[in-house]
């Protein structure tokens with residue numbers, strides 16, 4: 001999706017880049033507005049007559065784990081056209097913000113960069129940005145690199161030589177290697193911003209080369225992790241089947257590489273007319289990431305758990321330096337990590353100003369950078385080089401919430417204007433981040449804890465809001481719920497009232513058998529303590545439903561609905577009755593019934609990111625004919641809908657879809673003697689997963 005403009009340095013030798021993200025005109029729905037720089041205009045004071053405080057109920061359940069924060073969780077992008085990428089100030093700022101991954105050599109530049117001679121034909125390379133200089137900054141910050149191997153204009157041998165230089169010659173221990181940047185943007189689908197010299201630009205050819213690159217690179221260092229590029233479900237070109245292809249990008253690539261790669265790469269630039277709109281669109285991300293995992297599950301099978309998901313570029317794509325984009329930063333990092341991503345990398349460390357406007361009373365430069373590059377638009381200049389913008393402080397706020405090794409737990413709020421994220425920290429404390437997205441109204445947060453009892457002492461509170469020049473510790477609100485100022489990030493940390501369980505968390509469960517109504521789970525006993533019982537809980541928002549118990553590290557769950565999806569944690573109980581921390585979460589789906597008297601085939605024929613055409617075939621496998629039928633199913637995502645249909649009458653209400661025959665196809669002969677096929681045009685806002693359960697005249701059908 002994105003493109004760093006290949007240009008010469010701008011004013012004062014600073015590279016002006018990435019003024020737009022190129023997509024087909026029909027797919028561009030975002031209007032670039034503006035972003036606020038901290039030092040340009042004083043923060044807007046609260047308006048006279050500001051709305052009264054609103055109370056929001058916050059629910060936190062420490063017994064429902066969302067996963068452990070990975071050592072590679074908090075990352076940023078760096079670029080070889082950025083002459084300030086290795087400034088000493090950058091080292092200090094990234095260290096203070098908890099950055100533990102730095103991506104190199106810079107988005108689309110990854111597909112034109114040749115590391116041996118430090119050149120990028122067609123692009124600008126700033127002095128002092130070579131690989132060794134970059135690794136000096138990486139080591140000084142205590143982070144690790146995420147390296148883009150040149151697919152577009154490079155070779156597998158060049159990539160293997162880079163691995164040898166990095167890990168054998170220099171001993172850098174570079175673990176993560178991407179094969180190319182956004183290769184689907186090579187023109188195969190009609191829009192081209194990514195360099196790709198291969199005559200065949202299809203996903204089939206990319207997958208073949210991923211296997212070749214992986215073999216060559218791992219022959220040098222078998223410990224490295226290699227990632228393949230995927231499209232983000234619901235974003236262009238997801239669902240598009242190119243000329244000569246049999247499937248879209250993701251299904252083509254994963255069907256070939258799922259047995260080999262170690263992780264997959266997606267990018268997210270939700271856009272909108274304003275950063276507030278982008279902030280609202282963070283809610284699409286869980287469904288998009290869940291669909292990526294479903295696709296991995298489909299092609300990797302038992303190996304799926306070994307394949308990670310990395311979000312190696314993210315930004316709102318609009319009003320990028322503004323206060324609401326700072327809120328977006330904190331919200332999108334945690335949302336991605338809570339939904340199975342092991343690494344998130346902000347685009348970008350420095351970028352450059354392109355347009356000056358005002359957002360929330362502050363000057364905005366439409367600059368993708370976390371830090372000022374000191375550039376100017378006309379006579380209006382940014383603050384000094386390396387001055388942090390609001391997104392930097394959104395990222396830094398996460399250091400008050402959790403660190404690698406801590407456990408993310410379920411949380412929710414009663415008001416969609418306030419987002420919540422919670423982390424049970426390794427030291428036993430529990431932190432809750434509350435993001436008030438309302439620019440006008442303060443909220444008071446009444447926090448309810450399940451599975452955790454805090455002490456009566458006042459919590460530790462950190463805040464970043466209007467008037468704050470850094471993430472600051474502030475007094476807890478006395479005598480009542482915590483006040484959340486408008487447009488603010490507030491983190492509340494409480495200590496436990498009682499000692500934790502003597503037994504550690506069980507190792508992540510896995511499914512060893514699954515059927516239409518049952519699933520057998522196995523896990524490894526905790527490394528610490530002795531468990532007297534294990535309890536399996538299903539996550540329903542922030543509520544927990546006990547599905548099964550066992551005295552051994554295995555359980556068979558019964559009476560599950562066919563074709564249903566479940567996310568569970570396993571907890572161990574010690575001899576004193578105390579529950580451990582939750583295991584890593586497991587999401588699994590039961591199958592449709594194998595002995596049903598009906599069969600449904602659902603197929604997406606084509607798509608274009610936010611819309612699709614699907615066909616559905618219904619078959620009667622029973623012994624008697626059916627004269628008159630209805631078919632019911634539910635969309636997995638709230639953003640899916642039917643727009644128009646043919647060969648059947650299709651109506652919908654919310655996520656429910658009801659289909660009746662059109663009279664001419666009312667009769668279905670027994671034992672598969674005839675079928676009824678209908679089609680429809682659908683719309684999707686975000687991911688477009690297929691429905692999993694179809695009922696024909698009330699009978700749950702097999703699917704294919």
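None of the figures in this text is laboratory data; all of them are computed from the coordinates on show. These figures come from a predicted structure and were not determined experimentally. Counting neighbours? That spans all protein chains shown, and the Cβs are built from the backbone with ideal geometry, glycine included.
Per q in 0.17, 0.18, 0.19 1/Å, what log10 I(q)/I(0) does a Debye calculation on the alpha-carbon atoms of the range 349-426 return? These q points yield log10 I(q)/I(0) values of -0.78, -0.81, -0.84. With a Cα-only, solvent-free Debye model of the range 298-452, what are the log10 I(q)/I(0) values at q = 0.09, 0.10, 0.11, 0.16 Å⁻¹? Ignoring solvent entirely, the Cα scatterers give -0.36, -0.45, -0.53, -0.96. When the convex hull of its Cα atoms is viewed from all sides, the range 430-483 shows a mean projected area of 4.5 nm². Ordered by the number of other Cβ atoms lying within 10 Å of each residue's own Cβ, fewest first, 332, 91 fall into the sequence 91, 332.
With a Förster radius of 25 Å applied to the beta-carbon distance between residue 651 and residue 624, the computed FRET efficiency rounds to 0.35. Here the simple spin-label model places points 7 Å from the Cα toward Cβ, and for residue 474 and residue 414 these points are separated by 2.2 nm.
Can you grab the distance from the C-alpha centre of the range 113-135 to the C-alpha centre of the range 178-207, Å, no decimals? Result: 22 Å between the Cα centres. With a simple spin-label model that places each label point 7 Å from the Cα along the Cα-to-Cβ direction, the separation between residue 514 and residue 399 comes to 4.0 nm. With both labels modelled 7 Å from their Cα along Cα-to-Cβ, the residue 606 to residue 458 distance reads 6.5 nm. Each 5 Å bin from zero holds the following percent of Cα-Cα pairs in the range 510-589: 3, 15, 28, 26, 16, 8, 3, 1.
Of the residues 355, 175, the one with the fewest other Cβ atoms within 10 Å heads the list, and the complete ranking is 355, 175.
Normalised by the number of residues in the chain, what is the relative contact order in percent for Cα pairs under 8 Å and 6+ residues apart?
Values: 1879 pairs, mean separation 101.2, N = 704.
With pairs under 8 Å counted, the relative contact order is 14 percent.
Report the equivalent ellipsoid semi-axes for the range 598-703 in whole Å, largest first, defined as the square roots of five times the eigenvalues of the gyration tensor built from alpha carbon atoms. Intermediate values should be presented prior to the final figure.
Values: eigenvalues 118, 33, 28 Å².
Rounded to whole Å, the semi-axes are 24, 13, 12.
Computed over the range 438-594, the P(r) tail beyond 28 angstrom holds 43 percent of alpha carbon pairs. If you look at the Cα atoms of the range 221-359, you get an Rg and a Dmax of 16.4, 51 Å. Nearest 5 percent is fine: what portion of the DSSP beta bridges confined to the range 69-397 is antiparallel? Bridges in the range 69-397 are about 20 percent antiparallel. Full extension of the segment from residue 499 to residue 699, taken as 0.36 nm per residue of separation minus the current Cα-Cα distance, would add 66.9 nm.
Normalised by the number of residues in the range 69-397, the average gap of Cα pairs under 8 Å and 6 or more apart makes the relative contact order 16 percent.
Each principal axis of the Cα cloud of the range 372-505 was taken in turn, and the coordinate range along them, longest first, works out to 63, 32, 25 Å.
Between residue 298 and residue 379, what's the calculated FRET efficiency when r is the beta-carbon distance and R0 is 51 Å? Round to 0.05. If you can, show how the numbers build up before the last one.
Working: r = 56 Å, r/R0 = 1.09.
Computed FRET efficiency for residue 298 and residue 379 comes out at 0.35.
Computed over the range 598-703, relative contact order equals 38 percent, with contacts defined as Cα pairs under 8 Å that lie 6+ residues apart.
Where does the Debye-calculated log10 I(q)/I(0) of the range 75-138 sit at q = 0.22, 0.25 Å⁻¹, using only Cα point scatterers of equal weight, no solvent? For the range 75-138, the Cα-only Debye profile gives -0.86, -1.07.
Full extension from residue 662 to residue 306: what is 0.36 nm times the residue separation minus their Cα-Cα distance, to one decimal in nm?
Gain on extension, residue 662 to residue 306, equals 123.5 nm.
Any idea what the alpha-carbon Rg over 2.2 N^0.38 Å comes to for the range 69-397?
Working: Rg = 18.8 Å, N = 329, 2.2 N^0.38 = 19.9 Å.
Its radius of gyration relative to the 2.2 N^0.38 Å reference: 0.95.
What is the fewest-to-most order of 594, 581, 558, 403 by other Cβ atoms lying within 10 Å of their Cβ? Let's see the in-between values first.
On the way: 594 9, 581 24, 558 12, 403 18.
Taking fewest neighbouring Cβ atoms as first place, the list is 594, 558, 403, 581.
Distance from the alpha carbon centroid of the range 586-626 to that of the range 318-395 works out to 44 angstrom.
Taken along its three principal axes, the alpha carbon spread of the range 284-373 comes to 52, 21, 16 Å, from the longest extent down to the shortest.
Computed over the Cα atoms of the range 540-626, the ratio of the radius of gyration to the Kirkwood radius (Rg/Rh) comes to 1.15.
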